[in-house]
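Okay, so here's the structure we're looking at.
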Amino acid sequence: MTASPSSSAQQARQTLADRLAELCRDAGCTGLVLSQRCGWSRSKSSRIMNARTPPSEDDIRAWCAACGAGDQTEDLIAMLRTAEGMWVEWRRMERAGLKRAQEVRLPLFERTHRFRSYSSWLVPGLLQTRSYTEAVLRAVQQRRVAVDDVAEAVVVRMQRQHVLRGGGRRFAFLVEESVLRNGLGGSDVQHEQLGHLLAMSALPNVSLGVAPMRPDRPRMPVEGFWIFDTTQVNVELVSGHLTITQPSEIAMYAETFAELADLAVYGAAAYELITSAMDALE
């Protein structure tokens with residue numbers, strides 16, 4: 001379980017460690033006795049109980065057997081998997097290719113009713129054209145993924161966009177003006193993508209704001225993130241994918257989104273920025 005920059009992941013690891021320590025106490029075991037029963041060094045049990053070292057699934061099975069709590073094994077393994085899933089390095093998430101990484105997120109999009117998305121790098125996935133998505137995923141594949149299943153991953157990403165047009169969902173998208181001018185995919189791809197942004201911004205359930213470049217900006221750009229209802233935030237970092245579920249952290253991202261939304265322009269002003277970027281391509 002890789003160390004995470006999120007207290008959500010840290011808290012999940014601590015909760016698992018506390019449950020394991022509780023099993024040990026309930027069984028009347030000391031750390032030394034438990035280590036002897038499991039055939040470990042005493043320091044290993046101590047590190048696990050203090051959340052300094054994450055257990056493996058086999059460690060949990062051995063721990064539960066040593067404490068006479070075999071009926072707790074599956075629940076604790078499920079807790080371990082949840083904690084591991086909060087911070088996932090790209091190399092682990094994408095080791096089988098990009099298609100699967102796209103598929104695993106679809107249920108989250110389908111059960112969400114209020115979406116807030118801020119992007120400082122790229123056009124948000126739900127607003128991407130097919131050719132722009134292909135350019136994005138091809139760049140990702142060339143940088144860090146050995147398997148080339150870009151064509152299949154593009155199909156999955158496009159299918160996800162059905163959530164825009166049904167189910168009583170609301171979408172608030174914020175993008176930095178630089179996103180409109182990053183040149184990804186070349187002029188033709190960019191021109192088509194910017195035109196698509198204009199069309200999508202006209203949907204009644206979609207709000208599109210653009211944070212303009214200006215010399216006196218009071219709030220600096222941050223890493224891109226998605227807020228799903230009020231229950232989860234996902235952040236894509238250079239090294240991996242972060243899932244945040246701690247209410248206090250979700251509130252911080254919601255506050256940041258609101259502050260960035262106040263900087264953005266909408267309607268005719270956003271239209272002008274987008275068409276200006278389109279004109280610059282000609």
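The values are calculated or read from the model by the stated rules, or taken from the named source; none is laboratory data. It should be emphasised that the depicted structure is a prediction, and the values quoted were computed from it without experimental measurement. Here the Cβ positions follow ideal geometry from the backbone for every residue, glycine too, while neighbour counts run over all protein chains shown.
Of the listed requirements (1) assigned to a strand (DSSP E or B); (2) of a type outside the set (Lys, Arg); (3) surrounded by fewer than 20 Cβ atoms within 10 Å (Cβ to Cβ), Met79 misses just one: (1). Based on what the data block shows, is Ala69 more than 28 Å from His241 (Cα to Cα), of a type in the set (Gly, Ala, Ser) and out of contact with any helix residue (DSSP H, G or I) (no Cβ under 7 Å at 6 or more places or on another chain)? So Ala69 does not fit the description; no.
Inside region 47-69, can you point out the residues that are aliphatic (A, V, I, L, M) and out of contact with any Leu (no Cβ under 7 Å at 6 or more places or on another chain)? Matches in region 47-69: Ala51, Ala62, Ala65. Checking each residue in region 134-148 for being under 14 Å from Met93 (Cβ atoms) and buried (at least 18 other Cβ atoms within 10 Å of the Cβ) picks out Leu137, Gln141, Val145.
If we scan region 49-68, do we find a residue that is surrounded by 16 or more Cβ atoms within 10 Å (Cβ to Cβ), among the acidic types (Asp, Glu) and under 30 Å from Asp149 (Cβ atoms)?
no
Considering region 161-173 alone, what residues qualify as being among the hydrophobic types (A, V, I, L, M, F, W, C) and either in contact with a Ser or Thr (Cβ under 9 Å, 6 or more places away or on another chain) or in a loop (DSSP other than H, G, I, E, B) (or both)? Val163, Phe171, Ala172, Phe173, listed by residue number.
Considering only region 65-115, state which residues are basic (Lys, Arg) and touching a Lys or Arg at 6+ places or on another chain (Cβ under 8 Å). The answer is Arg91, Arg105, Arg114.
With a requirement of 1 or more residues that are within 19 Å of Leu242 (Cβ to Cβ) and modelled with pLDDT under 95, the helices (runs of 4 or more DSSP H) lying completely within region 90-160 that satisfy it span 90-93, 98-103, 106-111, 130-144.
Each row is one residue, and each column tells you yes or no for (1) within 17 Å of the chain's Cα centre (by Cα); (2) buried (at least 20 other Cβ atoms within 10 Å of the Cβ); (3) of a type in the set (D, E, K, R).
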position	(1), (2), (3)
Gln159	no, no, no
Gly168	no, no, no
Arg219	no, no, yes
Leu237	yes, no, no
